[in-house]
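Read through the structure below, which is laid out as structure tokens, and then see the notes.
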Amino acid sequence: GCLDTDKYSTDTHPFYGGVCRPHLAVDAAEPLPFRSGSFGLVLANHLVEHLPGSDADVVRILREWLRVLIGGRDGDSSGGILAVVVPDQTHGDVLRMDKDHKHAWTSTGFRERIVEPLLDQAELLEFATFDNFFSFNAVLRKR
């Protein structure tokens, strides 16, 4: 099973109206209403660029997402997965593509400024660019 969240409920979503049916309305930039270690996967597909604040704020938010993931045990690969897909500024003006975008990163900039500060809590499993989709992804496993 999964829990689909969105900042807006079905009735208040500014773009999707009745189409978007999240299980729970949650502001991803706020502390999550879940116990630590509650989930095996947090997937954010084209969400991170919408988060408010500075790069340091984005790192803080991703640390909160890591908090709700199950932790790994020493020497094994049982930790929860945080996977994000982000538009790549290399392929166009990300801020102009969507008026709600707050950030525009190249894959190199995102890796250096957002992913690397998280490596004290997580292992980087994959970092790949998708030229045909104008995006890149980062997959981390919580330690």
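The values are calculated or read from the model by the stated rules, or taken from the named source; none is laboratory data. Quick caveat, the model's predicted, so the values are computed rather than measured. Cβ sites come from the backbone with ideal geometry, for glycine too, and all protein chains shown count toward neighbours. With ligands, DNA and RNA removed, areas are computed over all heavy atoms of the protein, side chains included. Shrake-Rupley method; radii C 1.70, N 1.55, O 1.52, S 1.80 Å.
Brief remarks on what is shown
- Condition met for ARG21 (open to solvent by 60 Å² or more (accessible area, probe 1.4 Å) and either in contact with a Pro (Cβ under 6 Å, 6 or more places away or on another chain) or modelled with pLDDT of 75 or more (or both)): no
- Tallying residues that are surrounded by 14 or more Cβ atoms within 10 Å (Cβ to Cβ), over 14 Å from LYS142 (Cβ atoms) and in contact (Cβ under 8 Å) with a residue 40 or more places away in the chain within the stretch 47-64 yields 7.
- Residue match in the stretch 110-128 (condition: surrounded by 13 or more Cβ atoms within 10 Å (Cβ to Cβ) and in contact with a Pro (Cβ under 7 Å, 6 or more places away or on another chain)): no
- Flag for ARG141 being out of contact with any Cys (no Cβ under 7 Å at 6 or more places or on another chain) and touching a residue at least 60 places away in the same chain (Cβ under 8 Å): yes
- Enumeration of residues in the stretch 24-46 that are at positive phi and open to solvent by 60 Å² or more (accessible area, probe 1.4 Å): HIS46
- Subset of the stretch 29-62 [over 9 Å from the mean Cα position of the chain (by Cα) and of a type in the set (Gly, Ala, Ser)]: ALA29, SER36, GLY37, SER38, GLY40, GLY53, SER54, ALA56
- Filtered by the rule that a residue be free of Cβ contacts under 8 Å to residues at least 12 places away in the same chain and β-branched (Val, Ile, Thr), the stretch 65-116 gives a lone residue, THR108.
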